[in-house]
Amino acid sequence: MQRILVTGGAGFLGASFVRHLMAETDAVVTVLDALTYAASPEALAGLPPERVSLVVGDVADPATVDPLVAAADAVVHYAAESHNDNALDDPRPFLDSNVVGTFTLLEAIRRHDTRLHHVSTDEVYGDLPLEGTERFTPSSPYRPSSPYSATKAASDLLVRAWVRSYGVRATISNCSNSYGPYQHVEKLIPRQITNVLCGERPRVYGSGAHVRDWIHADDHSSAVRAILERGRVGETYLIGADGERSNRAVVEAILELMGQPRDAYDHVPDRPGHDLRYAIDATRLRTELGWAPRHTSFEDGLAETIRWYRDHEGWWRDAKLAAEERYARQGR
Ligand code: NAD
Ligand code: DAU
């Protein structure tokens, strides 16, 4: 039985990981989460209270973090500001949570010699040309192009430095775009599904030719667990499920699955500095750790996600209003 501290465990992916641990292990979990606008404690509802507890606090606050790390066998670090459009508007919270938060956690990890898994993004590698077959690998150079990805790159580099300089026992994962239930409605897939449910047209940035490499949140969670349990300390693992699609193709698939004409969407002004294409080579994860995704059909995963948003309007309605107010100010 392991005691695991999950930072950001009330967010989309952190909560997915906690649900995965409840279903697949006998771990006891403490969630540390600041409950920002992006959090969804509902995603933890119904889990056994003797195995999951929530501490509301800031990962950048040493007095909160230190005793929680001291009491844990392992820490899985999801807490972060996660949305590119918000970072373009106001980068400061991204520096506080993603950079200072990771630094604060690392100092506690160093003091207590606790195992750490740091959850990061493929965006630290910048982007790839639209045409071509090149994919990111663990040795791709760091070339972040947005305020969000720069803070995530900074957090990865801090982890690497603490491994090398202090012998901290850490692994890092860099994952591609995740989707599934409980994802905040500001993100591409839930935004477009809920637009259609609200009688609005989906909104595609720029040409919509930009490519993302989609993976279901459940598969992201099983990969993180594989790395936590069997990953080599000091290593980086890329997580992806060979799910490359252009944004246009994703929106057309949503429209078709929701019984709308495939071209019933609008183009809106592009995101500044918009990364062109992400693609993950997950060979190390698959061959070294024997991991494989369970959701192999993106269309089936999308259909299941659409059903979930259709059935959970009470969960997303208020957040949708707030997110669309932000988008209206940004002209997107
Ligand atoms: P999210 O925005 O849905 O959730 C983030 C959670 O972190 C929220 O519950 C929020 O309250 C919490 N949080 C934010 N700042 C905090 C702070 N200072 N202290 C404590 N808690 C804080 O994000 P997500 O999509 O679940 O992403 C989680 C992690 O996974 C992030 O580190 C992100 O960079 C990484 N990631 C996400 C994706 C994706 O497609 N969503 C892909 C790869 C990596
Ligand atoms: O690659 C991993 C990253 O994926 C994570 O690190 C981030 O936390 C996560 O938010 C996600 O970043 P993106 O910027 O790729 O995700 P987003 O859902 O915001 O946008 C996906 C693509 O869709 C991107 O090319 C921008 C575009 N887009 C987005 C929205 C919200 C649109 O065309 N229209 C939209 O309304």
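The values are calculated or read from the model by the stated rules, or taken from the named source; none is laboratory data. What you are looking at is a predicted structure, and each value in this text was computed from that prediction instead of being measured. Methodologically, a virtual Cβ is constructed for each residue, glycine included, from the backbone with ideal geometry; neighbour enumeration extends over all protein chains shown. To get the accessible areas, we keep the full protein, side chains included, count just its heavy atoms, and leave off ligands, DNA and RNA. Shrake-Rupley method; radii C 1.70, N 1.55, O 1.52, S 1.80 Å.
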Matching residues in the range 272-294 - criterion: being touching a strand residue (DSSP E or B) at 6+ places or on another chain (Cβ under 9 Å), in a loop (DSSP other than H, G, I, E, B) and open to solvent by 60 Å² or more (accessible area, probe 1.4 Å): Leu276, Arg294
Being closer than 24 Å to Ala241 by Cα, in a loop (DSSP other than H, G, I, E, B) and without any contact (Cβ under 8 Å) to a residue 40 or more places away in the chain, is that true of even one residue in the range 110-131? yes
Regarding Ser145, is this residue more than 13 Å from ligand 1 (Cβ to nearest atom), under 18 Å from the mean Cα position of the chain (by Cα) and either farther than 30 Å from Gly259 by Cα or in a helix (DSSP H, G or I) (or both)? yes
Filter result for Ser145 (within 12 Å of ligand 2 (Cβ to nearest atom), surrounded by fewer than 19 Cβ atoms within 10 Å (Cβ to Cβ) and not aliphatic (A, V, I, L, M)): yes
Please go through (1) surrounded by 21 or more Cβ atoms within 10 Å (Cβ to Cβ); (2) more than 15 Å from ligand 1 (Cβ to nearest atom); (3) closer than 21 Å to Val18 by Cβ for Ala74 and return the number of the only condition it doesn't satisfy. (1)
Mind checking which helices (runs of 4 or more DSSP H) fall wholly inside the range 6-104 and carry at least 3 residues that are within 19 Å of the chain's Cα centre (by Cα)? 12-24, 84-89
For Ser140, indicate whether it is free of Cβ contacts under 8 Å to residues at least 40 places away in the same chain and open to solvent by less than 50 Å² (accessible area, probe 1.4 Å). yes
Looking at the range 192-220 only, could you name the residues that are within 7 Å of ligand 2 (Cβ to nearest atom), under 13 Å from Glu324 (Cβ atoms) and surrounded by fewer than 22 Cβ atoms within 10 Å (Cβ to Cβ)? Arg203
Can you find a residue that is within 16 Å of ligand 1 (Cβ to nearest atom) and either in a loop (DSSP other than H, G, I, E, B) or open to solvent by 50 Å² or more (accessible area, probe 1.4 Å) (or both) anywhere in the range 247-270? no
Cβ-Cβ under 8 Å, sequence separation 6+ or interchain: first residue in the range 230-244 and farther than 16 Å from Leu13 by Cβ and among the polar types (S, T, N, Q), partner part of a strand (DSSP E or B) and open to solvent by less than 80 Å² (accessible area, probe 1.4 Å). Which pairs? Thr236/Thr171; Thr236/Ile172; Thr236/Ser173; Thr236/Asn174
By residue number, the members of the range 185-227 that are under 17 Å from Ala328 (Cα atoms) and near ligand 1 (Cβ under 10 Å from one of its atoms) are Glu186, Lys187, Leu188
